[in-house]
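A.B. asks: Got a structure for you, questions after.
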Amino acid sequence: MNVLHSAGRTLGAVNRYLKGVLGEDSYEKYLQHHVGTGCAVAPMTVKEFWRDKTDRQDKNPEGRCC
């Protein structure tokens with residue numbers, strides 16, 4: 001049982017790492033930041049967030065290789 005628990009923790013850590021590298025956790029980070037700032041405006045929906053993010057990347061492509 002201890003081996004399975006350790007393997008599960010390792011896989012969970014790898015999953016969190018990959019989500020961070022690929023940017024999949026960006027919306028969760030945005031929500032945490034939004035709540036932390038105490039902003040009175042409702043946060044963007046998932047769809048609005050990703051549209052805004054891709055629009056900003058298209059306007060400022062210096063952070064991408066292609």
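A.B. asks: Cβ contacts < 8 Å: first residue modelled with pLDDT of 90 or more, restricted to region 7-35; second residue of a type in the set (Lys, Arg), any location; separation 6+ or different chain. Result?
C.D. replies: Cβ pairs passing all conditions: Ser26/Lys53.
A.B. asks: Any idea which residue in region 52-64 is modelled with the lowest pLDDT, counting only those that are among the acidic types (Asp, Glu) and loosely packed, with under 10 Cβ neighbours inside 10 Å? Show your work before the answer.
C.D. replies: Filtering region 52-64 for residues among the acidic types (Asp, Glu) gives 52, 55, 58, 62.
From what's left, loosely packed, with under 10 Cβ neighbours inside 10 Å: 58, 62.
Details: Asp58: 87, Glu62: 74.
So, considering only residues that are among the acidic types (Asp, Glu) and loosely packed, with under 10 Cβ neighbours inside 10 Å, the one modelled with the lowest pLDDT is Glu62.
A.B. asks: Residues being among the aliphatic types (A, V, I, L, M), surrounded by 14 or more Cβ atoms within 10 Å (Cβ to Cβ) and within 27 Å of Val14 (Cα to Cα): count how many of those fall in region 32-51. Show your work before the answer.
C.D. replies: Step one: list which residues in region 32-51 are among the aliphatic types (A, V, I, L, M), which gives 35, 40-42, 44, 46.
Right, trim to surrounded by 14 or more Cβ atoms within 10 Å (Cβ to Cβ) and you get 44.
Those still in the list that are within 27 Å of Val14 (Cα to Cα) too: none.
Within region 32-51, residues that are among the aliphatic types (A, V, I, L, M), surrounded by 14 or more Cβ atoms within 10 Å (Cβ to Cβ) and within 27 Å of Val14 (Cα to Cα) number 0.
The values are calculated or read from the model by the stated rules, or taken from the named source; none is laboratory data. All values reported here derive from a predicted model rather than from experimental measurement. Cβ coordinates were reconstructed from backbone atoms using ideal geometry, including for glycine residues, and neighbour counts include every protein chain displayed.
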